[in-house]
Amino acid sequence: MTGSPLFDIAGRIALITGSSRGIGRALAQGLLEAGCTVVLNGRDEVALARTRAELAELAGGTVFARAFDVTDSAAVATNVAAIEAEVGPIDILVNNAGMQRRAPLVDFTDDDWRRLIDTNLTSAFVMGREVARRMVPRGHGKIINICSVQSETVRPGIAPYSATKGGLKLLTKGMCADLGPSGIQVNGLGPGYFETELTEALVADEEFSAWVRGRTPAGRWGRVSDLIGALIFLSAPASDFVNGQVLYVDGGMLSVL
Ligand code: NDP
């Protein structure tokens, strides 16, 4: 890698949860192109194997894949241990796996609520704790939690999702408080509205799509590649004194009414 050593992350080992598609896949590609060894994750083994083959072809580099459910703490413990044994020490953890469910508040079931909390919030705690147990004795590491503009603000129909993303922002700060003294930086990356499978229905809804474009100073939906620069910054020595922050990549949406 040429350029400033501040942004040199070549040779680092990065684990990105929920990277079989969407934002996670793009983040994995960005880290591969920056010279990292990348470990992909998702639950669907077939989809994961396909993405691994595609990324190896597209981006080159060394790419591994481990299928496991990030809400299952026993599976997380087993797989993090296996990754460290087979690939090496994890330098960068990206907690990206997440889900959305939209409904009027009165229609949400207990199961919907728990599934959202488990997938979007508990997973980052369980993964972060397991990886941090190994980063702490090594005295360095980068953890990046994928937050959202919904870490700050809400819309009708997504109260439980917003609660998970607001919680993730404060979990990020709490992890910074506990892990900062051990040389670990924990930051959030908050996408605005991005075109992925998660938002397929919204993109297809012309009224909503026009609202997003009008509401965003950049005048468009985010493209997954828009997130790579911020991810590299938060993974690199350039951010060694940046801790507990959420960096919003939203085309300016949060700054305007
Ligand atoms: P997608 O639905 O496109 O992808 C989600 C990924 O997470 C898939 O790889 C999925 O694979 C994986 N996943 C889901 N649940 C689990 C689980 N329990 N264990 C392991 N892997 C899991 O979502 P996006 O790419 O759009 O979103 C990624 C992240 O970005 C989420 O945290 C989301 O909240 C956040 N975000 C997205 C925005 C957008 O506009 N798209 C805006 C702001 C934030 P599998 O199903 O095989 O497990």
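Given the Cα atoms of segment 53-199, and with Rh set as the inverse mean 1/r over their pairs in the Kirkwood sense, what is Rg to Rh to two decimals?
0.99
Of Val39, Gly3, Gly18, which is farthest towards the positive pole of segment 1-52's charge dipole, taken about the Cα centre with +1 and -1 on the beta-carbons of Lys, Arg and Asp, Glu respectively?
The one lying farthest along the dipole's positive direction is Gly18.
Find how many whole Å separate the alpha carbon centroid of segment 131-160 from the alpha carbon centroid of segment 180-224.
Segment 180-224 and segment 131-160 have Cα centres separated by 15 Å.
Give me the three principal axis extents of the chain from the C-alpha atoms, as integers in angstrom, largest value leading.
47, 42, 39
In segment 126-257, with Lys and Arg counted as +1 and Asp and Glu as -1 at Cβ, which of these residues, Ser209, Ser255, Ala230, has the Cα nearest the positive end of the dipole, that is, farthest along it?
Farthest towards the positive end: Ala230.
Hey, quick one: spin label on Arg133, modelled 7 Å out along Cα-Cβ, who in segment 54-71 has an amide N within reach, i.e. under 20 Å?
66-71
Assuming R0 = 25 Å, what is the FRET efficiency of His140 and Ala47, from their Cβ-Cβ distance, to the nearest 0.05?
0.20
Under the Kirkwood approximation for Rh and a Cα-based Rg, what ratio Rg/Rh is obtained for segment 1-114? Don't skip to the end; give the middle numbers.
On the way: Rg = 15.9 Å, Rh = 15.1 Å.
Across segment 1-114, the Cα-based Rg/Rh ratio is 1.05.
Over the chain, with a Gaussian network built from C-alpha contacts below 10 Å, which listed residue (Ile146, Ile228, Ile92) shows the highest mean-square fluctuation?
Of Ile146, Ile228, Ile92, the Gaussian network model singles out Ile228 as fluctuating most.
Restricting to DSSP H runs of at least four residues, report the calculated mean residue ellipticity at 222 nm for the chain, -39500 (n - 2.57) per run over all residues, nearest 500 deg cm²/dmol.
Theoretical 222 nm ellipticity from helices: -13000 deg cm²/dmol.
Given R₀ = 25 Å, what would the calculated FRET efficiency be for Val242 paired with Arg215, taking r from the Cβ atoms and rounding to 0.05?
E between Val242 and Arg215, to the nearest 0.05, is 0.35.
Put a dot 7 Å past each Cα toward the Cβ at Arg155 and Glu197; how far apart are the dots in nm?
Going from the Glu197 label point to the Arg155 one covers 2.1 nm.
Using 7 Å Cα-to-Cβ label points, what is the Glu207/Ala74 separation (nm, one decimal)?
Once both label points are built, they end up 4.8 nm from each other.
Based on the Cα coordinates of segment 138-257, what is the per residue volume of their convex hull in Å³?
Working: hull volume 13.4 nm³, N = 120.
For segment 138-257, the hull spanned by Cα atoms encloses 112 Å³ per residue.
Computed from the coordinates by the stated procedures, all read-outs in this text should not be read as laboratory data. From a predicted model like this one, the values you see are computed outputs, not experimental measurements. Cβ: placed from backbone, ideal geometry, glycine included. Neighbour counts: every protein chain shown.
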